[in-house]
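Here the structure comes first, spelled out in structure tokens, and everything after it is commentary.
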Amino acid sequence: MDDNLIFYGGEIKAVGSGKVAGYLIRYSDPTTPDLTGDFFAAGTDYGVVDGASLPVYYQHGLDPEIKANRIGRGVIKYDEVGLWFEAQLEMRNEYEKMIYALAEQGKLGLSSGAAGHLVEREAEGKSYRIKTWPIAEASLTPTPAEPRNSVMPIKSLIEADAKGEEVEIESIESVQTSEPEKAKESSMDEKELQALTDKFGEMATAAANTAAEQAVKKYAELQEPEIKAGFVTQISDEADRALAGNPFRKGEFFKAVMEAANYPQNTDKRLLPLKATGLNEAIPSQGGFLVTQDRANYIWEKMSPVGSLLSRFSATPVQGNGLVIPAVDETSRADGSQFGGISASWMAEGGTYSASKPAFSTIDIKLNKVGALVVATDELLSDGGALESWLMSRVPDVLRFKVEKAIMSGDGVGKPLGILNSGALKSATRDGANLIIAGDIGRMWEARWQGANDYVWFASPTIFNQLMTMSISNMPVYVPPSGLDADPYGRLLGRPVVETEYNPSLGVVGDLLLASPSQYALITKGGVETASSIHVYFSTGEQAFRFTARFGGQPFWTTTLASNYASTDTFSPFVALAATT
């Protein structure tokens, strides 16, 4: 536990129906690090891909009431500011409902947890850039999100919790206003100043926890007002007496609910609304039809991880309608063929040089257009307030989906040429039918071109069980990070495994692909352009929303590269398993 680290992110917003959102990580730079001198950047390896799901806890599972029970799940989305996090709380009990109430009052922040021994830092100027921060979980925390954010050991949080009852808010304010001033006036060295900063951080954390507990207690009191004698008379009826005589025992209530759902004829009478003898909401014809339901001001959707593949490739912006790239025409590393035909030879004194010359070619990439047109009535846009903003954010995701799919398997006709259809794709032998074994991974790795160091394993979800059961002499080959309770996709041979919906199913070429994104030429122009018009559909009272993006792409390679030793041994930056035989 001492090795576990936490980082306080931004404040969270409650967006209704148990959903919260906020920045788990914000990017920074060497000039604006946190109190410990650390900062996060877009290039930091966070151990999760765009669209990845994370468990959500309260105060990193340290709260004595809620303990280490998960209170929800959320999804990571990368943008230019940092790691945006949207979570759905499960709202299963009063404690979790109180937590959401605190979020609605703006009293909670986000915090991410990582295993300390996996965190790497690199000096930049007088600060340290965090190179790797493998996020294991996200927490809602009562510790305020403010500029004093810092990376800290979780043991400090535990110690601060233990001291929480002894710390007064006034003492924190005193430290905040007087202690730093004393530090400036005195000749304190860096170690003493750091100790003072840590002390302030611990005291602030403890005070925040105390304030949060008081808020929860106050909220509970508001939810359960005191009943004073003489003002309220409690009346028992048939339903009360039925439950009093035969109450639900532990686990019995949920079993009764399940039975009622599966076998309505056997519904437990204790579940029936026995108290209602007149008009009521439970029976539609007796008043239920008169009760309106609230409608959420957002649109629920299945959150697919669009962008997890595209974020791995670097796109070159162009001004015209394409890009021509001069290239060395090298197809073999054999003597006399290197760099397209440069040869060298050992010579005796006075010997004659053999003439040679390199060969060149061009890579001609044209922009292709991908677009979408959505038409909606004026009434729907006016009455459905969430529709227009939803379209503006989600239709571009559909375009990204098309681009990502083309990078993987496009045929090059009116769209980018995909890796799986490239002449540079190297096929590695698969040992068994509909299987992936350790030997297959080894053959894929040995067939890679050694000139790249950014390889990624792109994997179909259908091969996950194959990865989990791979072994050599009964020793597992693939182990997810932190075991089975963490994000299931980790690394193979030191390179990340990224699950995509673009890889074909198990047994098809490309179900597992080892690829170097830097060896794929991707161009774009202007990003996603949006436009709307009422003119085309003016007579029908509709608006058209048009979305357009221009991308072009193909591998830099047109064929595999022959070995220096044998022309039959070939290598490529794109290696896939052969199809099932």
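The values are calculated or read from the model by the stated rules, or taken from the named source; none is laboratory data. Since the model is a prediction, treat every value here as computed from it, not as a measurement. Every residue, glycine among them, receives a Cβ derived from its backbone with ideal geometry; neighbour counts consider all protein chains shown.
Structure values in brief
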item: Considering residues of the stretch 97-146 that are of a type in the set (D, E) and in contact with a strand residue (DSSP E or B) (Cβ under 6 Å, 6 or more places away or on another chain) only, the residue modelled with the lowest pLDDT; result: E104
item: Some residue of the stretch 50-61 being of a type in the set (D, E, K, R), surrounded by fewer than 19 Cβ atoms within 10 Å (Cβ to Cβ) and modelled with pLDDT of 85 or more; result: no
item: Criterion violated by G320 - all others in (1) exposed (fewer than 12 other Cβ atoms within 10 Å of the Cβ); (2) in a strand (DSSP E or B) satisfied; result: (2)
item: Failed item, numbered, when T530 is tested on (1) touching a helix residue (DSSP H, G or I) at 6+ places or on another chain (Cβ under 6 Å); (2) among the β-branched types (V, I, T); (3) more than 27 Å from P504 (Cα to Cα); result: (1)
item: Total residues in the stretch 39-97, condition in a loop (DSSP other than H, G, I, E, B) and hydrophobic (A, V, I, L, M, F, W, C); result: 12
item: Residue satisfying condition, being among the basic types (K, R), at pLDDT 85 or above, surrounded by fewer than 16 Cβ atoms within 10 Å (Cβ to Cβ) and under 31 Å from the mean Cα position of the chain (by Cα), within set K402, K369, K415, K357; result: K369
